[in-house]
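Any read-out appearing in this document is the output of simple, stated calculations on the displayed coordinates, not a laboratory observation. This is a predicted model, so every value here is computed, not measured. Neighbour counts are summed over all protein chains in view; Cβ atoms, including those assigned to glycine, are modelled from backbone coordinates with ideal geometry.
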Amino acid sequence: MTVSAPGVGTDVTGLDSYRDRVALQQPTWPDAGALAAATAELAAAAPLVVPSAADHVRDRLAAVTRGEAFLLQGGDCAESFAEASVERVRNKVRTILQMAVVLTYGASMPVVKMGRMAGQYAKPRSSDTETRDGVTLPAYRGDMVNAFEFSEASRIPDPQRLVQAYRISGATLNVVRALTEGGFADLRRVHEWNQGFMQNPAYARYESTAAEIDRAIRFMDACGADFDALRTVEFFVAHEALLLDYERALSRVDPRTGAAYDTSGHFLWIGERTRQLDGAHVEFLSRVANPIGVKLGPTTAPDDALRLMDRLNPDGVAGRLTFVARMGAGKVREALPALVEAVRRDGRPVVWVTDPMHGNTITSDSGYKTRRFGDVLDEVAGFFEVHRAHGTVPGGLHVELTGDDVTEVLGGSEEIDDAGLARRYETLVDPRLNHQQSLEMAFQVAEMLRV
Ligand code: PEP
Ligand code: MN
């Protein structure tokens, strides 16, 4: 590997400048020596993603800013070490590939496919503690920090979990690469991806799309087309760059250019809770060359968006900066236009993505943290309406999903109701679309993209 760790104490790239800023949402590690040992191990480890691959993603996202491709980001709210099995990873990859097929075929638009995967192990929390039955313990902050189990020992932050997250992310990436480069993702297998899922309406609809694709492929075959390009797909990984101890330790200088990259993923984003202009997260990501995103909630002022562009993409490099709007179905039509218009007038390109999940979280009557599928779709519709009205590009979709038949989001054509949530509610943090709701969403978004 030709990528080297920056020399200790030199900070030629400013990668340590974030240490002078306030970093919100960091765990209180109990033992500084153990933390130093863990980060030293990561600093000496192989990168998960090489700089040229991150550059390539930036180029693909530049096409999104021009309306020539659509970005699909999806995966768990919080990955867990226990669920990094081949089967679970395959189910998620397959769901994203199926959504991408529906979007590509339905809207004749290339799709940039990206998992919230191989690093989505740290969570911001609204409270530092959690109380159950009169017992108060530190909050669960993701498998990279502590364990979900509600016991005193489990909730103590353990820096060795940073190393474990790196190793499991590497294993996850291996599976992703085997699937997407080894023929599993071959478009001629669109039917096979659907096997075992035939019972309900979204699957039947997917089957008929798959049959049309088959027909088109046979036609092209008869015309003598070369299908080598269909065998593999590009698939990228992204996560919230929340724990700066992890992100810093995996950052490397590219000897080709002297630029620094965060090699923990192709694409990193800053969450709604940590996007302060003078905060540590903005400072750190301003120093790495990866394509990056920032979540924007309904209280974002137009000037906040412009100042974030100044800090994170001052020269307006196309594909460098993505804004992920997560407004809520009831707010997107009021809150988004001023932001979109300010950015349009500024002229520096950004990728606009809708996250229709995080502004629509509710607690059901029986006490589950959930979302209504109808609200999720309505936010996406509002996002498209705003961009159509302003002549700007609705560039992508960011969703929390799983490839399994969980019951965490209300509604969809299976009509999951409050009682139905209990059937298979497995998420550690936020509710995810299940496989069938994800496909349903893709069909709806393909319609919106078509006009
Ligand atoms: C998330 O993506 O899981 C998340 C916490 O989102 P946000 O930062 O938008 O609240
Ligand atoms: Mn979430």
Note to self: Given the options Gly359, Thr257, Gly330, identify the residue whose Cα lies farthest towards the positive end of the charge dipole of the chain (+1 on Cβ of Lys, Arg; -1 on Cβ of Asp, Glu).
What the structure shows: Thr257
Note to self: Modelling each spin label as a point 7 Å along the Cα-to-Cβ direction, I'd like the Ala82/Ala34 distance in nm, to one decimal.
What the structure shows: 2.1 nm
Next item on the list: Return Phe70, Phe227 ranked ascending by Cβ neighbour count within 10 Å, so the fewest neighbours appear first.
Entry: Phe227, Phe70
Next item on the list: Set the Förster distance to 35 Å, then compute FRET efficiency between Asp278 and Arg132 from the Cβ-Cβ distance, nearest 0.05.
Entry: 0.45
Note to self: Looking at the chain only, what percent of DSSP beta bridges run antiparallel? Nearest 5 please.
What the structure shows: 25 percent
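Output the relative contact order of the chain, whole-number percent, from Cα pairs under 8 angstrom with separation of 6+ residues.
Across the chain, relative contact order equals 22 percent.
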Next item on the list: Whole Å is fine, so just give me how far the alpha carbon centre of region 246-317 lies from that of region 19-49.
Entry: 18 Å
Margin query: Expected output is a single nm value to one decimal: the length gained when fully extending between Asn174 and Asp404, i.e. 0.36 nm times separation in residues minus the C-alpha distance. What is it?
Written below: 80.8 nm
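Would you mind ranking Met220, Met309 by Cβ crowding within 10 Å, fewest neighbours first?
Ascending number of Cβ neighbours within 10 Å: Met220, Met309.
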Note to self: Residues of region 69-101 with backbone nitrogen within less than 15 Å of a virtual label 7 Å along the Cα-to-Cβ line of Ala229, please, listed as ranges.
What the structure shows: 69
Notebook entry, point to check: Taking the alpha-carbon centroid of each part, what is the distance from region 172-235 to region 414-447 in angstrom?
Noted result: 23 Å
Next item on the list: Please say if the chain is rounded, prolate or oblate, where rounded means a/c under 1.5 for a ≥ b ≥ c the square roots of the C-alpha gyration tensor eigenvalues, and otherwise the choice is prolate for a/b larger than b/c and oblate otherwise?
Entry: rounded
Check: What is the distance, in nm, between label points placed 7 Å from the Cα along the Cα-to-Cβ direction at Ser151 and at Ser52?
Finding: 4.8 nm
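Report the full-extension gain for the segment His191 to Thr361: residue separation times 0.36 nm, less the Cα-Cα distance, to one decimal in nm.
Going from the current span to full extension adds 57.8 nm.
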Checklist line | J(HN,Hα) series, region 177-183, from Karplus relation 6.51 cos²θ - 1.76 cosθ + 1.60, nearest Hz, glycine and proline x | finding: 5, 4, 5, 8, 10, x, x
Note to self: Suppose every Lys and Arg Cβ carries +1 and every Asp and Glu Cβ carries -1, with no other charges. What dipole size does the chain come out with about its Cα centre, to the nearest 20 debye?
What the structure shows: 760 debye
Next item on the list: Place +1 on the Cβ of every Lys and Arg and -1 on the Cβ of every Asp and Glu in the chain, take the dipole about the Cα centre, and give the residue among Leu162, Gln120, Gly382 whose Cα lies farthest towards its positive end.
Entry: Gly382
Note to self: As an exercise, use a Förster radius of 35 Å and the Cβ-Cβ distance of Ala389 and Glu415 to find the FRET efficiency, rounded to the nearest 0.05.
What the structure shows: 0.60
